[in-house]
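Taking it in order: structure first as structure tokens, then the write-up.
The values are calculated or read from the model by the stated rules, or taken from the named source; none is laboratory data. Bear in mind the structure is a predicted one, so any value in this text is a computation, not a measurement. Quick reminder, even Gly has a Cβ in these numbers, built from the backbone with ideal geometry, and neighbours come from all protein chains shown. Please note that ligands, DNA and RNA were not included when accessible areas were found on the heavy atoms of the full protein model with its side chains. Shrake-Rupley method; radii C 1.70, N 1.55, O 1.52, S 1.80 Å.
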Amino acid sequence: MGQGSIIGYEINEKTCQISFYNDQELEPDTLEVDSDNYQIPLIIGKLRDTWAYGKEAKRLVTIKEGFTVTRLLSKSLAGDKIEFGEETYDAVWLLSQFIQMSLQLFPEIEGIVFTVPALTEELAQMLRGIAVRMNIDKRHIFIQDYKESFCNYLFYQPKELWQYDAALFCCDRNEIRAYMLRRLRPGLGGGKTTFVTVDEVASAHMKELAAVYPVLNEDKAKEADAMFCKFIESVFDKRIVSSVFLTGEGFENNWYPKALRVLCNGRRAFIGNNLYSKGACYTAYRKLFMHIENPVYLSDDKLTDQITVNMRVDGQEMWYPIVSWGAHWYESNNQWEVLMENVEDIEFHIESLIQGNVRTEKISLEKFPRRAEYSMRLQIETLFLDEKTCKITVRDAGFGDFFPPTDFHEEKIIHLGGNDGKFNSLS
């Protein structure tokens, strides 16, 4: 696996940012656009026959040459077509061009996680489709929101930073939002796994922030600082908070010295604008190298059921998750090839965090051809029909030149409990 083949890709309506796993340092690095600047403007442009993206495309806007397109995410989701002269371009095609051009330094991508401010199934399918067309293995493409990226970033920091709650403050030029990472009830899922979630706990539009940009107005900045202090106190009320993270362009001007003292009182505080892309890069690393993820991030749009099958993986026997809690149902279609011992059926365990129970389902191999032990190769496939219905299919995959594959297959529909609005019962 080469340098920079594991990618965390943050994308929003204005910018994108790329972090890649550094094999020497064993942690993500972020691609610099200029010194200390990681943000690539989400703009694509064309001048005569040459395409440009990011700051080069932004330059075309400044000199009023060629044509440029902004707001590529929303235009792509709306299915917009963009006309320029004789040409018509699909917005999705333009977004795909932008993503490919921005990743040209990484010719062989082993795994990628896109992180977005808010996730929808449509957005996930669109970004996944773009990555598949770039020849990235579809099993190694994931999409998550900023809250999950914050989580995965923290999982790789010293444990004491999230021993209790961990706070994230995001500030743009007119609003501050506060999020809190907290552990869910201990003992869930048999107690072997730690489950966490992230809640948005408060937000405030602060007109005072307008006076902080682009030139700092000292008097108004003091008002904004005082407002932020009050906001922090309301967020921290009766909570034990281990660490605080500040992100967003709103924190760039140092207008909040008092608030910073409040934040740092008895806890560690960090500021930086590459937390989401690094968190996504850590997720990509986990997905590639961990059979069973721990800790697990849950939210009310994640699966709270897990389907496992008894397998020997890398010489170790385990109940291996073919559907994992903490995944999105639309990212859980998958295939495995397994060599069977001499068994009559395959047993699946379905474990529900919400119901707190484990049930067993079986697929009979009675009709399959009989072969010697370890020459029976099967393909197991999971296919979600909707968020609560998973179809498992087992097919005879044959065994090399000795036994060609046959048409024998069995399938089973597994009904999952889902959240049903009971996610908060896990707290």
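Nearest 0.05, what FRET efficiency do ARG139 and LYS207 give at R0 = 41 Å with Cβ-Cβ as r? Could you put the intermediate results ahead of the total?
Numbers: r = 48 Å, r/R0 = 1.16.
Plugging the Cβ-Cβ distance into 1/(1 + (r/R0)^6) gives 0.30.
For the range 60-150, what is the percent of antiparallel DSSP beta bridges, rounded to the nearest 5?
Details: 4 of 9 bridges.
In the range 60-150, approximately 45 percent of DSSP beta bridges are antiparallel ones.
Mind checking the dipole of the range 137-277: about its Cα centre, +1 per Lys or Arg Cβ, -1 per Asp or Glu Cβ, Debye to the nearest 20? The partial results should precede the final answer.
Values: 20 positive and 18 negative charges, 137 e Å.
Dipole of the range 137-277, to the nearest 20 debye: 660 debye.
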Computed ³J(HN,Hα) along the range 305-311: with the Karplus parameters 6.51/-1.76/1.60, θ = phi - 60°, integer Hz and x for glycine or proline, the list is 10, 10, 10, 10, 9, 6, 9
For the range 154-299, dividing by residue count, accessible area per residue (probe 1.4 Å) in Å² works out to 48 Å²
Filtering trypsin sites (Lys or Arg not before Pro) in the range 141-250 by DSSP loop and by at most 16 other Cβ atoms within 10 Å leaves ARG173, LYS192, LYS238, ARG239
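Go ahead and estimate [θ] at 222 nm for the chain from helices alone: -39,500 (n - 2.57) per DSSP H run with n ≥ 4, summed, over the residue count, rounded to 500. Provide the component values of the computation, followed by the final result.
Working: 8 runs with 92 residues, N = 427.
Helix contribution divided over all residues of the chain: -6500 deg cm²/dmol.
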Expressed as a percent, the accessible surface of the chain that is carbon or sulfur, using a 1.4 Å probe and the full set of protein chains, is 47 percent
Residues whose built amide H sits under 5 Å from the amide H of VAL296, excluding neighbours closer than 5 in sequence, are THR194, PHE195, VAL196
Of the candidates TRP93, TYR53, TYR282, the farthest towards the positive dipole end of the chain (Lys/Arg Cβ +1, Asp/Glu Cβ -1, centred on the Cα centre) is TYR282
Length gained if THR393 through ARG173 is fully extended, taking 0.36 nm per residue and subtracting the Cα-Cα distance, is 74.1 nm
Among VAL113, THR70, SER427, the residue whose Cα sits farthest towards the positive end of the charge dipole of the chain, when +1 is placed on the Cβ of each Lys and Arg and -1 on the Cβ of each Asp and Glu, is SER427
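Taking a probe of 1.4 Å, how large is the accessible area per residue of the range 328-427, in Å²? Display every interim value, and only then the final one.
Working: 5590 Å² over 100 residues.
On a per-residue basis, 56 Å².
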Once the in-chain neighbours fewer than 8 apart are removed, the lysines whose Cα is under 28 Å from LYS192 read LYS147, LYS159, LYS278, LYS287, LYS302, LYS362, LYS388, LYS391, LYS422
With the label point 7 Å along the Cα-to-beta-carbon line of GLN355 and a cut-off under 12 Å to each amide N, the hits in the range 390-427 are 414-419
The range 145-271: relative contact order from alpha carbon pairs under 8 Å, six or more residues apart, as a whole percent, is 29 percent
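Calculate, in nm to one decimal, what ASP23 and PHE84 gain on full extension: separation in residues at 0.36 nm each, minus their alpha carbon distance. It would help to have the intermediate numbers written out before the result.
On the way: separation 61, 0.36 × 61 = 21.96 nm, distance 4.32 nm.
Here the answer is 17.6 nm.
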Quick P(r) readout (the chain; Cα-Cα; 10 Å bins; whole %) gives 4, 18, 26, 25, 16, 7, 3, 1, 0
With label points set 7 Å from each Cα along the Cα-to-Cβ direction at HIS409 and GLU122, the distance between them in nm comes to 3.1 nm
If R0 = 51 Å, then THR70 and ASN342, at their Cβ-Cβ distance, give a FRET efficiency to the nearest 0.05 of 0.25
Ignoring ligands and nucleic acids, SER375 exposes an accessible area, probe 1.4 Å, in Å² to the nearest 10, of 10 Å²
Counting only residues 5 or more apart in sequence or on a different chain, those whose built amide H sits under 5 Å from that of TYR164 are SER242
Using alpha-carbon positions, the gyration tensor of the range 26-90 gives root eigenvalues a ≥ b ≥ c; with a/c under 1.5 called rounded, otherwise prolate if a/b exceeds b/c, else oblate, the class is oblate
Mean Cβ-within-10 Å packing, highest first, puts peptides 250-262, 128-140, 9-21, 106-118 in the order 9-21, 106-118, 250-262, 128-140
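Below 8 Å between Cα atoms, with a sequence gap of 6+, how large is the relative contact order for the chain in percent? Before the final figure, lay out each step's value.
Working: 854 pairs, mean separation 54.3, N = 427.
Relative contact order, the chain: 13 percent.
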Quick calc of log₁₀ I(q)/I(0), the range 296-427, Debye, one scatterer on every Cα, no solvent, q values 0.14, 0.16, 0.18 1/Å, result -0.65, -0.82, -0.98
To the nearest 0.05, the calculated FRET efficiency linking ASP314 and ASP219 through their beta-carbon distance, R0 being 60 Å, is 0.40
Of the residues GLN104, MET227, LEU385, the Cα lying farthest along the dipole of the chain towards its positive end, which is defined by charges on the beta carbon of Lys, Arg, Asp and Glu, belongs to MET227
So for the range 100-248, using the alpha carbon gyration tensor with a ≥ b ≥ c as root eigenvalues (a/c under 1.5 gives rounded; past that, a/b versus b/c decides prolate or oblate), I'd call it oblate
Across all Cα atoms of the range 32-150, Rg and the largest Cα-Cα distance (Dmax), in Å, are 14.9, 44
